[in-house]
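Accompanying notes for the structure given below.
The values are calculated or read from the model by the stated rules, or taken from the named source; none is laboratory data. Since we're looking at a predicted model, the values are computed, not measured. In this analysis, Cβ positions are derived from the backbone assuming ideal geometry, glycine residues included, and neighbour counts consider all displayed protein chains. For accessibility, only protein heavy atoms count, side chains too; no ligands or nucleic acids. Shrake-Rupley method; radii C 1.70, N 1.55, O 1.52, S 1.80 Å.
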Amino acid sequence: MIPELGEFALILALGFSFILATIPLYGAATLNALWMDYAKPLAKAQFTFLLISFMCLAYAFANDDFSVQYVANHSNSQLPMQFKLSAIWGGHEGSLLLWAFILSGWTLAVSLFSRGLPLDMLARVLGVMGIIATGFISFLLWTSSPFLRYLPRFPADGADLNPLLQDFGLIVHPPMLYMGYVGFSVAFAFAIAALLSGRLDAAWARWSRPWTNIAWAFLGAGITLGSWWAYYELGWGGWWFWDPVENASLMPWLVGTALIHSLAVTEKRGVFKSWTLLLAIFAFSLSLLGTFLVRSGVLTSVHAFASDPERGFFILVLLLLTIGGSLTLYAFKAPNVKSESSFGWLSREMLLLINNVFLVVMAITVLLGTLYPLLIDALGSGKISVGPPYFNALFVPIMSLLALSMGISGAARWRQTSISGLKKQLLVPAIISLVVGLVFPFIYGDGFNFRVFLGITISTWIIATTAKEFKDKFRNTNSITAKLSQLTLSYYGMMLAHLGVAVVAIGITLVSTYSEERDMRMAPGDKIELADYQFEFKGAKKVKGANFTADEGTIVITLEGEPVVTLYPQKRHYTVKRSMMTEASIDPGLFRDLYLAMGEPLGNDGAWAIRVHYKPYVRWLWLGGLLMALGGLLTVFDKRYRSKSSSEVAHA
Amino acid sequence: MPRLLLFIPLALFIALSFFLWKGLSIDPRKLPSALIDKPFPEFQVAALLQPERMLSKADFVGKPVLVNVWATWCPSCRQEHEQLLRIAQDNKIDIIGLNYKDERAAATNWLRQLGNPYLFNIYDEAGMLGLDLGVYGAPETYLLDAQGVVRHRHVGVVTAQTWVELQAMIQALGVKQ
């Protein structure tokens, strides 16, 4: 009964989103205030019914209703409750439902926090989001309903959730990522509304900015969580694999980063308008492409995609309508958008534009690297991967250039800036970063290393230029505390995010250069040394979990005779899925992680293959990612985005 | 003119979706190599397991061989490794490894752990030989005849089925000689 209710609620939600996609937009085109007024209640109704539908699926999971196919394939009665609930988004159908649900949540949020927005703009934005929702809910209902039944004969127990996904990381990672993906739909809807109405002014940019920033923050947090999850769950100690799923989330993030900066310039200076619109369309298009590439299984196996031609066809039509439609609109309407000011060759505008281009080039690099194996696979020539050598070779130089111009653009002035002025600003940070970069590898490592020099120099450069810019804010002021409270939250957010970039760069540089690892056969009582730490294997014993049994090793770690920590890595055997999982045990630290994973049992004397990693500064990767996300979040609470007068500005 | 430029994103997207659509429906077919029926490129590269030993074409010309491009960063290579070991056991043809853009320690470790099906491995750290050969990615496998001429290129994982096909080709080579 409950699953049918869920399906029914989904059908009703489709009805509401279809009306949302038509009536308010038509009202905006004909200036009919009554029809435009429908947008808000429709957004609420759509959200309500998707919420009901989502709760129905949650209910089916919580109560082990294995007559529902999706539940039977992704859950099990032995699964702990938190994993039963997170299994909702453990597969294709449920992920799509979560996607649609989050989309309706963003639509609702726009309708609630939009007091300053003119009615026709609001109607258009919500209408465009209604169009997207219509497409997605139709896709769900026609090809991927999570509520289909096994009736009358259904399995006594479920097939269980993939053990890899039975983890805290999976509970939070996908919703976070989807909040980001889908959040870009708001920026997209604002861009389409601007194209439809022909109005693209500072007020428009100010309305779009908080939505874009928060979506970007969620996406960044989602990517960070994903990297952290892969690190501790996959048992290889890697933190980024350039795998298609990761790339799918990185592309919109890169374009989103460009969009944030371009929007800032559009608001402050009234230029880059057409470029901003294009980026907004791109960011969401890449989110869509990414979601589908991942969810349709087209990347893991092209043949699974083709074996369900209905699904594949639907996906393609959806992509064509949304992306193709918006790009067509852009091609025809973008010429109406005029710049309001000009800028010189050497100015903050120009430098930000260069940064934008770097970011977009990185996104294109990732796109090509991701689609290339797909092309080969689609041609039926087998599976290949272009792998880290391709990505690293292109990413490191572009990233270094980006960091360089990032520091310069902070010091440059709007409109026009002089070379001598830049020199004065940047000489000290340049010297500091070169010195730190040169000295660091000698102090921390055992000699000069170009990679470390480059990484530390650019990180220090970002920190030093950011600090200098911050310090200069206090040049003409006596009261530091007054100035501190005078600076806006947006400004603090920007500082935080830029420092986050430096922290990530330091993490990447050091962990990829100074990591040490060893695979050893260890019998009980064996000891090994790695990076000054001594590891003693005390043997393994059997332990039992809720839905698995495991061999648990005990390893005592000492540093120069002093005990540091005792770690218990596990080799788990999941009974229902009959699969083995390596559960790494980690001693985390700000400056180093000790990471232990169990391989296979060797011989009869209780010996095991043990993998020992020493990972310096690995936490900085995620710390930096969180700093960036936090910075993005902070800007949203800036007072000026919530001033009631913004609508007056719009009409002025 | 600038107005026309605004259509570029749309045009690119249409091209992309055409290819995605094609990807849905296309018949499997082989990726041709620029080097088919051309001699394997000349090279002077160190061996993977014996860094002091320099390898060149002379080390394998004289009988048909398979050249398998692999790397530790390539998950599909791990997938085909079992099959390569079986081919080595069949003892019908030697496999030369081309360790492509990899780290020596990781690659050595890989062979120690998973077994070594190769007669020897060319350690192509910078990927220069791969470039000459026209390698797109890993894994790829090339069939060379006794004169060192590339006769066939297989892109992707070598499966049991691939081995059946390769054996037919190897036999054909033997007949011709």
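Worth a mention:
- Over 22 Å [Cα-Cα, chain B], rounded percent: 50 percent
- Counting only Cβ charges, +1 for Lys and Arg and -1 for Asp and Glu, the dipole size of the stretch A:1-166 around its Cα centre is about 380 debye.
- Taking the average, over residues, of other Cβ atoms within 10 Å as the packing measure, peptides A:102-113, A:439-450, A:4-15, A:174-185 rank A:174-185, A:102-113, A:4-15, A:439-450 from highest down.
- Relative to the Cα centre, the charge distribution of the stretch B:31-176, modelled as +1 at Lys and Arg Cβ and -1 at Asp and Glu Cβ, gives a dipole magnitude of about 220 debye.
- Whole-number percent relative contact order across chain A, with pairs defined as alpha carbons under 8 Å at least 6 apart: 13 percent
- Helical mean residue ellipticity (222 nm; -39500 (n - 2.57) per DSSP H run of 4+; nearest 500) of chain B: -12500 deg cm²/dmol
- Point-charge dipole on Cβ atoms (K/R +1, D/E -1) for the protein assembly as shown, about Cα centre, debye to 20: 2660 debye
- Our summary gives the stretch A:516-617 a relative contact order of 26 percent, counting only alpha carbon pairs under 8 angstrom and 6 or more residues apart.
- Farthest toward positive dipole pole in the protein assembly as shown [+1 Lys/Arg, -1 Asp/Glu at C-beta], among A:V564, B:L20, A:A21: A:A21
- Screening chain A for DSSP H helices whose Cα atoms reach 18 Å or more along their own axis and whose mean Kyte hydropathy is at least 1.6 gives A:119-143, A:168-197, A:348-378, A:419-444.
- Shielding by partners for peptide B:150-162, expressed as the average number of C-beta atoms from other protein chains within 10 Å of each residue's C-beta, is 2.
- Whole-number percent relative contact order across the stretch A:530-572, with pairs defined as alpha carbons under 8 Å at least 6 apart: 36 percent
- Stokes-Einstein D in µm²/s, Kirkwood radius over Cα pairs - the stretch A:127-208 at 10 °C with 1.306 mPa s viscosity: 95 µm²/s
- Each of A:F548, A:N604, A:Y533 was scored by the projection of its Cα onto the charge dipole of the stretch A:516-617, and the greatest displacement toward the positive side belongs to A:F548; charges sit on the C-beta of Lys, Arg, Asp and Glu.
- Overall dimensions of the stretch A:515-606 as given by Cα atoms, namely Rg and Dmax in Å: 13.9, 44
- Legend: mean number of C-beta atoms from other chains within 10 angstrom of residue C-beta atoms, peptide B:9-21, equals 6.
- Kirkwood hydrodynamic radius over Cα pairs of the stretch A:1-166, then Stokes diffusion coefficient at 20 °C and 1.002 mPa s, in µm²/s: 129 µm²/s
- The mean number of Cβ atoms from other chains found within 10 Å of a Cβ in peptide B:133-139 is 4, as a whole number.
- Inter-centroid distance (Cα atoms) of the stretch A:433-471 relative to the stretch A:107-141, Å: 46 Å
- Compared with the dominant principal axis of the Cα atoms in chain B, helix B:75-90 is inclined by about 30°.
- A:F450 paired with B:S56, simple spin-label distance in nm, labels 7 Å along Cα-to-beta-carbon: 2.8 nm
- Expressed as a whole percent, the accessible surface of the stretch A:516-617 that belongs to carbon and sulfur atoms is 49, based on a 1.4 Å probe.
- Probe 1.4 Å, protein heavy atoms only - accessible area per residue of chain A in square angstrom: 41 Å²
- Computed over chain A, the per-residue total of -39500 (n - 2.57) for DSSP H runs of n ≥ 4 gives a 222 nm mean residue ellipticity of -21500 deg cm²/dmol, rounded to 500.
- Relative to one another, the C-alpha centroids of the stretch B:38-63 and the stretch A:149-201 are positioned 51 Å apart.
- The order of the peptides A:267-275, B:58-66 by mean Cβ neighbours within 10 Å, most packed first, is A:267-275, B:58-66.
- Relative protection proxy for A:73-84, B:44-55, from highest mean packing down: A:73-84, B:44-55 (other beta-carbon atoms within 10 angstrom).
- Once the convex hull of all Cα atoms in the stretch B:53-133 is built, its volume per residue stands at 98 Å³.
- The A-B contact accounts for roughly 2900 square angstrom of buried accessible surface, both chains included, probe 1.4 angstrom.
- Note on the protein assembly as shown: Kirkwood hydrodynamic radius from all Cα pairs is 29.4 Å, rounded to one decimal.
- Chain B: angle of helix B:104-114 to the longest principal axis, Cα-based, in degrees nearest 10: 70 degrees
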